[in-house]
Amino acid sequence: MTNKDQPTITLEKFYAGFAPLAFMDDLTGVGGGGHASAMKNCNVIGGNLTQGPGLANLTAGTEAGAVDQLINFIMDKAVASNSSYAIGTSKLFQISSTTVTNAGIWPHTVTNMTEGESIFDLQGNLYYLYNKASGGDIGKYDLATTFTDGWGSATDAALEKAPHPVAVKEDIAVFGNGQYVGTYLANSDTLTVQKLDFGAGTEVSDVIFANNYWYLVVNSGVEGRKSGQVYLWNAGALETVLDDETGVGIQEIGFIMMINGVVWIAYKDASESGFVIGYISGRQIVPMGRYIGTLPNFQQKTLYKGTILLISSGMIYSAGAIVPELPFQLSQIGSGGYTTVGGLAAPFGTPMVASTQTVGETTYYKLAKFSGYSIDGSWESIVLSLVGADYIRGYIDSVTVITKSLGANAKAEITILADQEATTSSTLTVTGTGIKKHIFTSLNLGAVDDFKVKVSWTNGNATNDCLIKKIIIKLHYLEG
């Protein structure tokens, strides 16, 4: 056997995110040099490959302070200077960019509340939608000192015990209420909790205002397979006739969200694992990519650097492109914190996430925000074959890693997983203050049929990240 030419394989353009079939197989070979077959807590949205964000608890943001329950919903806007609100299972919280208020009237315990759902502000008042042991209600806070926890039932009627997504336009709020859509017209102080009725066996799962219409997401079906429809409703929210609709067929819709005039949608088919992110185009849904994991709901979405940030199976994902010139990507960017994750939002620009976990007889809670870098992260390329029509195996001669100029204690560890991950190379440690090029020739691998590259930051640094710009693999083939 003789050596053929000595080509190189370059892994770069990591903004590609997950490979198209990564949701099915972490040994997929479908994709390009920037695609991942698997990843955990990685930031690829800027084109380079680095550690995802870490989490720092807000001051008084744990059970030792103000947060003694899972926060379900965080307002995705500031209501006043450095002030926003969140809602848990029995309490309403006031938060700033750094702190959960733990003094005076805060946190506020809501009478009879068993599950907070959503919050909105309108013309100088804050309204909070929640469920009780039976039914639900809307509370009202004057943004000063007075809470009226049963305002909704006293004003019109009790709510259903159901999800209560809400959206606001000018002086109008539109909210989900089980099979109904409710409205509040602030100018006339008119609350109607059953303005629209979609019928028994349906549930409104999300509401947004976009492109001069209310978009109403309605799922039908009690359990198992569900059907999802998106209805368009006139901006005035006065009529009882809908304008248009589009659907995803026998699939359940989790949420919708508008970015730059485009309405994005998350939905799932019960016969397949994971869920799909797509966008609405006329009367059809255009799918863009599939995730592994649970379907996120209206409480678990926000905007982050031009991409949708969402929660699935306790982890934070990014969907979209940071600039229009880059393609749509799916990536798993950060941890949700503890094992059970609640609300996600970015009212002050930096994403915040709530979570809880029980260890032994102790239950822990926290509200945390992105801070620093995660060291619980890894990235794996697609499988690259070295078997072809005129060669039978290959040797990897060297691996060159191009990084940014590394800071003190920045580190990543690279291994080659060969022959369907049956064989692992020596660990290649990428580190060194000020170093940008890292060349490795001692891999402890023989001839291989295929391989993929794994990057790990388990022994990395939470302050100085190890950002990788490209990985160059030099190899030679053996002719048959």
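Looking for something assigned to a loop (DSSP other than H, G, I, E, B), touching a residue at least 60 places away in the same chain (Cβ under 8 Å) and in contact with a Leu (Cβ under 8 Å, 6 or more places away or on another chain) - is there at least one such residue anywhere in region 228-245? Yes: one or more hits. Exactly one residue among Asp206, Asp197 is surrounded by 22 or more Cβ atoms within 10 Å (Cβ to Cβ) and among the charged types (D, E, K, R), and that residue is Asp206.
Taking the conditions exactly as written (more than 30 Å from Ser188 (Cβ to Cβ), assigned by TED's automatic domain parsing to the domain that holds Glu223 and at pLDDT 85 or above), does Val276 satisfy them or not?
yes
Candidates in region 357-391 are the residues that are buried (at least 21 other Cβ atoms within 10 Å of the Cβ) and farther than 25 Å from Thr50 by Cα; of these, the one that is nearest to the chain's Cα centre (by Cα) is Lys366.
Annotation note: Cβ proximity below 9 Å between a residue of region 31-53 that is without any contact (Cβ under 8 Å) to a residue 60 or more places away in the chain and a residue that is aromatic (Phe, Trp, Tyr) and surrounded by fewer than 23 Cβ atoms within 10 Å (Cβ to Cβ) (sequence gap 6+ or interchain) occurs for Gly34/Tyr15. Considering Glu413, Glu421, the condition of being surrounded by fewer than 20 Cβ atoms within 10 Å (Cβ to Cβ) and on the phi > 0 side of the Ramachandran plot is satisfied by Glu421 alone. Answer yes or no as to whether Met113 is in contact (Cβ under 8 Å) with a residue 40 or more places away in the chain and of a type outside the set (D, E, K, R). In short, no. Within region 355-380, residues that are over 19 Å from Leu92 (Cα atoms) reach partners that are in a strand (DSSP E or B) and of a type in the set (Phe, Trp, Tyr) with beta carbons closer than 9 Å, at six or more positions or on different chains, in the pairs Gln357/Tyr364; Gln357/Tyr365; Thr358/Tyr364; Phe370/Tyr304. Condition (residue is within 28 Å of Met258 (Cα to Cα), free of Cβ contacts under 8 Å to residues at least 40 places away in the same chain and among the hydrophobic types (A, V, I, L, M, F, W, C)) applied to region 157-169: is it met by at least one residue? Checked against the condition, which is being within 28 Å of Met258 (Cα to Cα), free of Cβ contacts under 8 Å to residues at least 40 places away in the same chain and among the hydrophobic types (A, V, I, L, M, F, W, C), region 157-169 yields at least one hit. If I filter region 342-384 down to residues being out of contact with any strand residue (DSSP E or B) (no Cβ under 9 Å at 6 or more places or on another chain) and assigned to a strand (DSSP E or B), which single residue comes out as farthest from Met39 (Cα to Cα)? Among them, the one singled out is Thr362.
Against the condition buried (at least 18 other Cβ atoms within 10 Å of the Cβ), assigned by TED's automatic domain parsing to the domain that holds Val218, among the acidic types (Asp, Glu) and modelled with pLDDT under 95, how does Glu245 come out, does it pass? The answer is no for Glu245.
The residues of region 129-150 that are in a strand (DSSP E or B) and over 14 Å from Phe93 (Cα atoms), listed by number, are Asn131, Gly136, Asp137, Ile138, Thr148.
Only strands (runs of 3 or more DSSP E) whose full extent lies in region 284-335 are considered here, and the ones with at least 1 residues that are at pLDDT 95 or above and touching a strand residue (DSSP E or B) at 6+ places or on another chain (Cβ under 8 Å) are 301-304, 307-312, 315-320, 329-335.
The values are calculated or read from the model by the stated rules, or taken from the named source; none is laboratory data. Since this is a predicted model, take the numbers as computed values, not measurements. Note that we place each Cβ from the backbone using ideal geometry, even for glycine, and neighbour counts take in every protein chain shown.
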